[in-house]
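The values are calculated or read from the model by the stated rules, or taken from the named source; none is laboratory data. Computed from a predicted structure; not experimentally measured. Positions of Cβ are backbone-derived with ideal geometry, glycine not excepted, and every protein chain shown enters the neighbour counts.
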Ligand SMILES: Nc1ncnc2c1ncn2[C@@H]1O[C@H](COP(=O)(O)OP(=O)(O)OP(=O)(O)O)[C@@H](O)[C@H]1O
Ligand SMILES: [Mg+2]
């Protein structure tokens, strides 16, 4: 079985400050991988480095067999990498429908059936289609950010703390949608989280990150018992 | 009554020319936050393209409406690729570089064509309002301003490119995350802004003295209009052009043309003082 993503010795800095200090891990085909870590451990930075927001100082990232370490953001997106960023980054002045259409921006032709299809998985968004994205609640924005990402039909989704500030019922909805989707598409995912329940119900395997390094695998029993073995900094 | 009609036509003329002159600058500033100090020289290039094409036998309407925007649009694309694209997000550098560019363009045109050039006659002739005269060309300019407005609106609101451009303007990194190359969007947008500025130069060529430094006469007015209009491209530029066009023409009528400009600048400073986000920042939040 081929790995969708292979990360070797990845280092990245903010200015002179090293944040990622040698990240190593793989994501298998169809795998949902969880990464658990406290605030400030470099989770967001890792996803941003994978997406190409900040340059790799060292190391390599291979996606679907090709080396993407030096590719710009849009080129990685076109290969099938998708990011649902922390803070959602909805285009506030565009309507919900326009935000979803942006998910099709890289396609040669815009096919509105893709949006209609996807809306069956996100029924909450249907009556909001003509609202400006900035006028949605945090939970609705999270659903929109996920739906927008899915419009582009990514092969690997990078999902950054989707449960932050979201009520439990929408968290349930997100879990169900993502579990349903993997049955229909060849989809892999990296989900970065602090919410143990969420990560446990979604992930096939969970790694922990500390100070910019993957420190090991967290077993299912530990996860469910809340013994995640993360040293409090 | 006749006087009122003539005054209204003057205001219309002022508003229409100001809008035509500013819309390209507003697009380039609004979308990319590039302060293009060579804007006046883009106008000048449009005027030269029109005059040269017309003198070479091209129909004057074709020279104004097609040759000028096409030529300046292409020049804009070239300049974007060679210069501007290294300057996004660097406000001060972009001002210095485009200032240098404006000097370069003036120098180049002076070297090739000398200090002045014979203009083209104003087409369409005039008509009588009581004891006053006005020209049909004024009404044509107003029509062009309305067409350009409709065109830019349609481009931004009704096309896929417009959607992508608005998204890039709002959040370039997120747009890139969805597979859009912001660099390309900036390039095309800059070309469109330059082309519209060239169109303004073409349309104003029959009304202006054609010299390499003619751009200087427009540039200050353009900048206060764009800053006064604020971040939303169409509604902001339109309201600011209307307001400043009115103030300028009325000031000129009540005093002299020179004082008209002084009154315009003073009221612009006052406006920007009370509405630092521009008219549209205050009244049309979130539109474009
Ligand atoms: N733009 C930035 N410039 C400089 N340092 C930054 C920047 N963004 C983050 N950092 C630093 O990098 C480190 C890792 O940040 P990161 O955002 O990756 O953490 P995180 O694990 O996502 O945390 P959280 O759970 O709070 O989202 C932190 O120490 C943070 O202060
Ligand atoms: Mg984070």
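Below are the figures for this structure:
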| item | result |
| --- | --- |
| Single unsatisfied condition, residue A:21 versus (1) within 19 Å of the chain's Cα centre (by Cα); (2) within 16 Å of ligand 1 (Cβ to nearest atom); (3) outside any loop (DSSP other than H, G, I, E, B); (4) away from every other protein chain (no Cβ under 14 Å) | (1) |
| Test: residue in the stretch A:80-99 that is away from ligand 1 (no atom under 16 Å from the Cβ), closer than 23 Å to residue A:182 by Cβ and buried (at least 23 other Cβ atoms within 10 Å of the Cβ) | yes |
| Those residues of the stretch A:28-47 which are more than 21 Å from residue A:60 (Cβ to Cβ), more than 6 Å from ligand 1 (Cβ to nearest atom) and in contact with a helix residue (DSSP H, G or I) (Cβ under 7 Å, 6 or more places away or on another chain), in sequence order | A:30, A:32, A:34, A:36 |
| When residues of the stretch A:30-59 are limited to those that are assigned to a strand (DSSP E or B) and more than 16 Å from ligand 2 (Cβ to nearest atom), the one nearest to residue A:103 (Cα to Cα) | A:32 |
| Close pairs (7 angstrom Cβ cut-off, 6 or more residues apart or separate chains): within 14 Å of chain B (Cβ to nearest Cβ) in the stretch A:36-50, within 9 Å of ligand 2 (Cβ to nearest atom) and at pLDDT 90 or above anywhere | A:44/A:86; A:44/A:160; A:47/A:160; A:47/A:192 |
| Residues within the stretch A:139-154 that are under 24 Å from residue A:42 (Cβ atoms) and either within 14 Å of chain B (Cβ to nearest Cβ) or free of Cβ contacts under 8 Å to residues at least 40 places away in the same chain (or both), tallied | 4 |
| Scan of the stretch B:168-219 for residues that are buried (at least 23 other Cβ atoms within 10 Å of the Cβ), under 25 Å from residue B:144 (Cα atoms) and in contact with a strand residue (DSSP E or B) (Cβ under 7 Å, 6 or more places away or on another chain), ordered by number | none |
| Residue among A:118, A:128, A:144 that alone is over 20 Å from residue A:79 (Cβ atoms), assigned to a loop (DSSP other than H, G, I, E, B) and away from ligand 1 (no atom under 16 Å from the Cβ) | A:128 |
| So residue A:62, is it in contact (Cβ under 8 Å) with a residue 24 or more places away in the chain, under 17 Å from residue A:4 (Cβ atoms) and assigned to a strand (DSSP E or B) | yes |
| Criterion: touching a helix residue (DSSP H, G or I) at 6+ places or on another chain (Cβ under 6 Å), more than 27 Å from residue A:108 (Cα to Cα) and modelled with pLDDT under 90 - qualifying residue of B:203, B:199, B:207, B:124 | B:124 |
| Residue that is within 14 Å of chain B (Cβ to nearest Cβ), in contact (Cβ under 8 Å) with a residue 12 or more places away in the chain and under 21 Å from residue A:27 (Cα atoms), where the choices are A:79, A:94 | A:79 |
| Top-ranked residue of the stretch A:48-65 - restricted to ones that are under 13 Å from residue A:11 (Cα atoms) and surrounded by fewer than 17 Cβ atoms within 10 Å (Cβ to Cβ), ranked as nearest to ligand 1 (Cβ to nearest atom) | A:54 |
| Those residues of the stretch B:125-167 which are within 12 Å of chain A (Cβ to nearest Cβ) and either in contact with a strand residue (DSSP E or B) (Cβ under 6 Å, 6 or more places away or on another chain) or not in a helix (DSSP H, G or I) (or both), in sequence order | B:159 |
| Residue B:116 within 24 Å of residue B:50 (Cβ to Cβ) and either exposed (fewer than 13 other Cβ atoms within 10 Å of the Cβ) or touching a strand residue (DSSP E or B) at 6+ places or on another chain (Cβ under 8 Å) (or both) | yes |
| Counted residues, the stretch B:246-262 - those being in a helix (DSSP H, G or I) and farther than 20 Å from residue B:216 by Cβ | 7 |
| Within the stretch A:66-76, considering residues that are buried (at least 17 other Cβ atoms within 10 Å of the Cβ) and more than 8 Å from every other protein chain (Cβ to nearest Cβ), the one nearest to residue A:154 (Cα to Cα) | A:76 |
| Hey, residue A:178 more than 14 Å from chain B (Cβ to nearest Cβ), over 12 Å from the mean Cα position of the chain (by Cα) and away from ligand 1 (no atom under 16 Å from the Cβ) or not | no |
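For (1) modelled with pLDDT under 90; (2) within 21 Å of the chain's Cα centre (by Cα), each residue gets a yes or a no:
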{"position": "A:78", "(1), (2)": "no, yes"}
{"position": "A:94", "(1), (2)": "no, no"}
{"position": "A:108", "(1), (2)": "yes, no"}
{"position": "A:122", "(1), (2)": "no, yes"}
{"position": "A:127", "(1), (2)": "no, no"}
{"position": "A:130", "(1), (2)": "no, no"}
{"position": "A:142", "(1), (2)": "no, yes"}
{"position": "A:149", "(1), (2)": "no, yes"}
